[in-house]
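Each value in this text was obtained by applying a stated rule to the coordinates, not by laboratory testing. If you're wondering where the values come from, they're calculated on a predicted model, not measured in any experiment. Reconstructed Cβ throughout: ideal geometry from the backbone, glycine too, with neighbour counts over all protein chains shown.
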Amino acid sequence: MPLRLYWDEQFPLLTLRGKGARDFLHGQTSANVLAAEEGKIFLSCWLNTKGKVRAILEIKIGQDCASIIILAGKKEEVFRGFESVIFPSDKVSLEEGNMLRRLHLID
């Protein structure tokens with residue numbers, strides 16, 4: 001019986017809740033979030049004002065929410081960065097989630 005290898009890793013999770021989740025992420029990340037299909041996962045980057053990558057994100061847009069997995073970067077920096085630019089007019093709130101475990105069979 002062949003040996004099965006798995007990629008087993010945990011990633012930080014943030015949740016953006018509210019009607020403005022899609023618009024907020026469109027303005028804060030490198031992806032065209034406005035055109036993203038609901039329920040589909042897509043990759044994006046969070047950049048600083050000079051265009052340097054601060055985090056690599058995997059995002060899933062839902063109805064009035066978005067799940068954000070931080071594949072590379074620091075959860076605390078992303079959380080503080082997003083929270084520092086949220087205004088009441090954005091109609092969103094940011095929540096820290098638990099770590100998300102991803103387990104993949106390596107062929």
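Taking label positions 7 Å along the Cα-Cβ direction at both Glu37 and Asp8, the computed distance is 3.3 nm, reported to one decimal. Length gained on full extension, Asp23 to Arg54: 9.2 nm, using 0.36 nm per residue less the C-alpha separation. Under 20 Å from a label point set 7 Å out along the Cα-to-Cβ vector of Glu76, the amide N atoms of segment 15-31 belong to 15. The 3J(HN,Hα) values that the Karplus relation (6.51, -1.76, 1.60; θ = phi - 60°) gives for segment 11-25 are, in residue order, 10, x, 10, 10, 10, 9, 10, x, 4, x, 4, 5, 5, 4, 5 Hz. Gly and Pro appear as x. Loop-resident trypsin sites (Lys or Arg not before Pro) (DSSP state other than H, G, I, E or B) in segment 13-107 with no more than 11 further Cβ atoms inside 10 Å of their Cβ: Lys40, Lys50, Lys52. Backbone phi angles across segment 97-106, fed through the Karplus curve with coefficients 6.51, -1.76 and 1.60 (θ = phi - 60°), yield HN-Hα couplings of x, 6, 6, 9, 8, 10, 10, 10, 6, 9 Hz in residue order; Gly and Pro are listed as x. Using the Kirkwood radius over C-alpha pairs as Rh, can you work out the diffusion coefficient of the chain via Stokes-Einstein at 37 °C, viscosity 0.692 mPa s, in µm² per second? Answer from the Stokes-Einstein relation: 225 µm²/s. With θ taken as phi - 60° and the Karplus curve 6.51 cos²θ - 1.76 cosθ + 1.60 applied, the whole-hertz 3J(HN,Hα) list for segment 60-70 is 10, 8, x, 6, 6, 6, 8, 9, 10, 9, 9 Hz, x standing for glycine and proline. Close amide H pairs (under 5 Å, H built 1.01 Å from N) link Cys65 with Gly18, residues at least 5 positions away or on another chain.
For segment 1-88, which GluC sites (Glu not before Pro) are both in a DSSP coil and crowded by at most 16 other Cβ atoms within 10 Å? All intermediate terms of the calculation are to be shown ahead of the outcome.
Values: sites: Glu9, Glu37, Glu38, Glu58, Glu76, Glu77, Glu83; in loops: Glu37, Glu38.
Within segment 1-88, the qualifying GluC sites (Glu not before Pro) (loop, at most 16 other Cβ atoms within 10 Å) are Glu37, Glu38.
Would you work out the relative contact order for the chain, in percent, from Cα pairs under 8 angstrom that are 6 or more residues apart? It would help to have the intermediate numbers written out before the result.
Working: 208 pairs, mean separation 45.1, N = 107.
It rounds to 42 percent for the chain.
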